1. Return the residue satisfying two criteria in turn: it lies in region 61-79 and is of a type in the set (S, T, N, Q) and assigned to a helix (DSSP H, G or I), and of such residues it is farthest from Gly188 (Cα to Cα).
2. Given Gly92, Gly102, which one is under 23 Å from Glu79 (Cβ atoms) and touching a helix residue (DSSP H, G or I) at 6+ places or on another chain (Cβ under 6 Å)?
3. Going through region 95-111 one residue at a time, which ones are more than 15 Å from the chain's Cα centre (by Cα) and either in a helix (DSSP H, G or I) or basic (Lys, Arg) (or both)?
4. Counting just the residues of region 280-298 that are exposed (fewer than 14 other Cβ atoms within 10 Å of the Cβ) and either in the same structural domain as Leu154 (by TED's automatic domain parsing) or not in a loop (DSSP other than H, G, I, E, B) (or both), which one comes out modelled with the lowest pLDDT?
5. Can you pull out the residues in region 128-162 that are assigned to a loop (DSSP other than H, G, I, E, B) and among the aliphatic types (A, V, I, L, M)?
6. From the list Pro57, Pro42, pick out the single residue that is in a loop (DSSP other than H, G, I, E, B), assigned by TED's automatic domain parsing to the domain that holds Asp159 and within 22 Å of Gln156 (Cα to Cα).
7. Quick one: count up the residues across region 299-337 that are modelled with pLDDT under 65, out of contact with any helix residue (DSSP H, G or I) (no Cβ under 7 Å at 6 or more places or on another chain) and not in a loop (DSSP other than H, G, I, E, B).
8. Restricting the search to region 163-200, which residues are loosely packed, with under 14 Cβ neighbours inside 10 Å, of a type outside the set (Gly, Ala, Ser) and not in a helix (DSSP H, G or I)?
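The values are calculated or read from the model by the stated rules, or taken from the named source; none is laboratory data. Quantities reported herein were computed from a predicted structural model and do not represent experimental measurements. Glycine also receives a Cβ, built like all others from the backbone with ideal geometry; neighbour counts cover every protein chain displayed.
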Amino acid sequence: MADKITMAVSWAAACGGCDVSVLDTEEQVLALAEVADIVYWPVAMDFKRDELVAREPKSIDIGLFNGAIRTSEQRHDAEIFREKCKVLVAYGACACFGGIPGLGNLATRDQLLEVAYETTPSTENPEGLRPQTNTPCNGSELTLPAFLDTVQSLPQVVDVDVILPGCPPPVERVIDLIEVAKSYAATGELPPKGTVLAEDKALCDSCPRRDSRQGGRLASVVRPHEAQADPELCFLEQGMLCLGLATRGGCGATCIAANMPCRGCFGPTADMLDPAAEALSAIGSIAGEGNESFVQAHEMKKAVRAIRDPAGTFYRFTLPSGLLGHVVVDKPVEDKS
């Protein structure tokens, strides 16, 4: 091994919190600097994409890619990182599962552009103009990345070696990644391909409120701002939706500690096909009151229908990588008669 390993960081469709989370490790980031040289991190230093493209394949030891894939430019960046990096890390919920940008998949590309450039009350665009990928201008050509049909997670676009979930990843898990980098610098060894830097079990297993869950039914659904939550009692016991039952642990239950229910940013455990579907099924099974009869079924539906924005609630971080994936638009069947 060389004296230092090389690392690169890229930012796609995301808010920027993942880049900041690297610095949230405070003095631990100095430990990273001792073993690694940052050779590409355009949000933090003056690096150009051409410099990254010019590098030899697999010349970068570890690449951290945060953000979902929404444009052709971001897809191209993901492909470059896969080519240049020996180890590619999906860093943060948006890269891992599609994240909040992935909720754009609830509408089609054209529907999103129509709202953004035509139908909002503050938009003044009588000609209905929209951004073009190529526009002639004074004898030259201006170019923009293409707005893709759907949002995708990083593993849906390229092969990924390590998963680090979170919105953003908490300090403890970022330190785990730093330890991976330090171990690689010292021994050349890495965790097995596909490793998730989080717990294997659902958050409920390590939740500090787990012993307060009595197994009662969810008579009604209350949004967090509509009631003062008891800081010692399971949120489900209080009628507040908490996705800890279908979300991988390892976040340190920081939202729970702040008296806010889990929203699912750590994604599914290894044995979950779709965390949103599992959460909806679990909550549906305890929703409503009444006897084992039509009355109970009616009350169950009533409780579940009280959930505001079920897609945004259950698929907040995982829609692109879930079973639904994106909205489906029926296309007219061609008449061949």
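1. Taking the candidates together, the pick is Ser72.
2. Gly92
3. Leu106, Arg109, Asp110, Gln111 - these are the residues of region 95-111 that are more than 15 Å from the chain's Cα centre (by Cα) and either in a helix (DSSP H, G or I) or basic (Lys, Arg) (or both).
4. Applying the filter and picking the extreme gives Phe294.
5. Leu129, Leu144, Ala146, Val157, Val158, Val160
6. The unique qualifying residue is Pro57.
7. 1
8. Glu189, Pro192, Lys193, Asp200
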